[in-house]
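What follows is a single structure, written as structure tokens, with notes after it.
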Amino acid sequence: MSLGEDGYDDEDHGLTRTRLPEGEGDPYGPRRGRGGGRGGRAGFSSRNMITVVGVVVLLIAAIAFANRGGGSDSNDAEKSGDEVSAEATAPSGVKPVGGKNGGIASGFARTEQGAQSAAANFAVALGGDGMFKEESRHAIVDAIHTPETARDLQGKLDKAYTADFFKNLGLNPDGSAPKGQTFVSRTVPVGTKTTAFSESEATVEVWCTGLVGLAGQGSTKPVAQTWFTIIQKLRWTNGDWKLGSSDQKQGPAPVSGDIRASSADEITNAVNGYGGFTYAR
């Protein structure tokens, strides 16, 4: 599995300031008659929704747990989250990203906007399906973390992504999807906010929506949407922003719209046909 499957490519024209629209979950079955109301979502049981939400929490929490205590707060030019009003995510006129590192954006500016752009791209990489294969997971962790954090994190994540963990997601013991089904794990940043910044460290919150589940007929873990916020502590390391530690919390979550759930084939085609973006201010 290549990192490109997580929504990155190696071409300069991939840079964009457009945000990816949200996807739709899918009950994938004839269970729509239960409960009535709310179109195609009627058959999606609360147990399945809790499972799907728990998957995303586990993905981010595994990284957050391994990172806990892995960075120091900056006292320079620190700003409380209560005192910060988020600015619109608008073009700054400065080229935000200078290159790629293992398919992930790199070369971020040593500014608040650069830190926010780095945090958004890191959130996408950590929430992608590349994290479910050992080789690509190691490449992702090495590419976006500080060297000392990456060394400590690799073994802990290898222990977290176990056969039992994959089984809970409906995957095969090696993390692959069952025959005829497509595993979906994609994180989409909605907005970013800097809560602390200096030339050496930054704390950035990334508000995200996520898609996770198995697309395919007979799936017991249909693709559904969740909302969460990732708090990332970044350090300026070797001329670029790198991730020192991260934490996660649920929400804020909007009211779900009354939209027909797509079929399994529609979800599969969308995931395979629509790539992700490089995120920048």
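The values are calculated or read from the model by the stated rules, or taken from the named source; none is laboratory data. Given the structure is predicted, the values throughout are model-derived calculations rather than measurements. Virtual Cβ from ideal backbone geometry, glycine too; neighbours counted across all protein chains shown. In case anyone asks, the SASA skips ligands and DNA or RNA and just uses the protein heavy atoms, side chains included. Shrake-Rupley method; radii C 1.70, N 1.55, O 1.52, S 1.80 Å.
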### Message
Residues that are more than 15 Å from the chain's Cα centre (by Cα) and either at pLDDT 90 or above or in a helix (DSSP H, G or I) (or both): does region 119-127 have at least one?
### Response
no
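Can you name every residue in region 268-281 that is open to solvent by less than 30 Å² (accessible area, probe 1.4 Å) and either in a loop (DSSP other than H, G, I, E, B) or at pLDDT 90 or above (or both)?
Step one: list which residues in region 268-281 are open to solvent by less than 30 Å² (accessible area, probe 1.4 Å), which gives 268, 276, 278-281.
Once the filter is applied, which keeps residues that are open to solvent by less than 30 Å² (accessible area, probe 1.4 Å) and either in a loop (DSSP other than H, G, I, E, B) or at pLDDT 90 or above (or both), region 268-281 yields G276, Y279, A280, R281.
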### Message
Against the definition (touching a residue at least 40 places away in the same chain (Cβ under 8 Å), part of a strand (DSSP E or B) and under 28 Å from H145 (Cα atoms)), how does T192 come out, yes or no?
### Response
yes
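Would you please name the residue that is modelled with the highest pLDDT, looking only at residues in region 242-263 that are of a type in the set (K, R) and farther than 20 Å from V223 by Cβ?
Let us first name the residues in region 242-263 that are of a type in the set (K, R), namely 242, 249, 260.
Remaining after also requiring farther than 20 Å from V223 by Cβ: 242, 249.
Values: K242: 98, K249: 95.
It comes out as K242.
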### Query
at pLDDT 95 or above, farther than 22 Å from E112 by Cα and either among the basic types (K, R) or open to solvent by less than 30 Å² (accessible area, probe 1.4 Å) (or both): does that describe A150?
yes
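Of the residues that make up region 162-179, is at least one surrounded by fewer than 21 Cβ atoms within 10 Å (Cβ to Cβ) and of a type in the set (F, W, Y)? Outline the logic, then answer.
Residues of region 162-179 surrounded by fewer than 21 Cβ atoms within 10 Å (Cβ to Cβ): 162-168, 170-179.
Add one more test, that the residue is of a type in the set (F, W, Y), and what stays is 165-166.
Within region 162-179, one or more residues are surrounded by fewer than 21 Cβ atoms within 10 Å (Cβ to Cβ) and of a type in the set (F, W, Y).
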### Query
Of all residues in region 221-264, how many are exposed (fewer than 15 other Cβ atoms within 10 Å of the Cβ), touching a strand residue (DSSP E or B) at 6+ places or on another chain (Cβ under 9 Å), in contact (Cβ under 8 Å) with a residue 40 or more places away in the chain and closer than 29 Å to A177 by Cα?
2
### Summary
Of the residues in region 77-118 that are at pLDDT below 70 and either open to solvent by less than 10 Å² (accessible area, probe 1.4 Å) or of a type in the set (D, E) (or both), the one that is nearest to K193 (Cα to Cα) is E87
### Message
Go through (1) over 24 Å from I267 (Cα atoms); (2) assigned to a helix (DSSP H, G or I); (3) open to solvent by 40 Å² or more (accessible area, probe 1.4 Å); (4) modelled with pLDDT under 95 for D142 and report which single condition fails.
### Response
(4)
#### Entry: Single match in T226, T194 (criterion: closer than 22 Å to Q250 by Cβ, among the polar types (S, T, N, Q) and touching an Asp or Glu at 6+ places or on another chain (Cβ under 9 Å))
T194
### Task
Considering only region 237-251, state which residues are under 15 Å from the mean Cα position of the chain (by Cα) and not in a strand (DSSP E or B).
G251
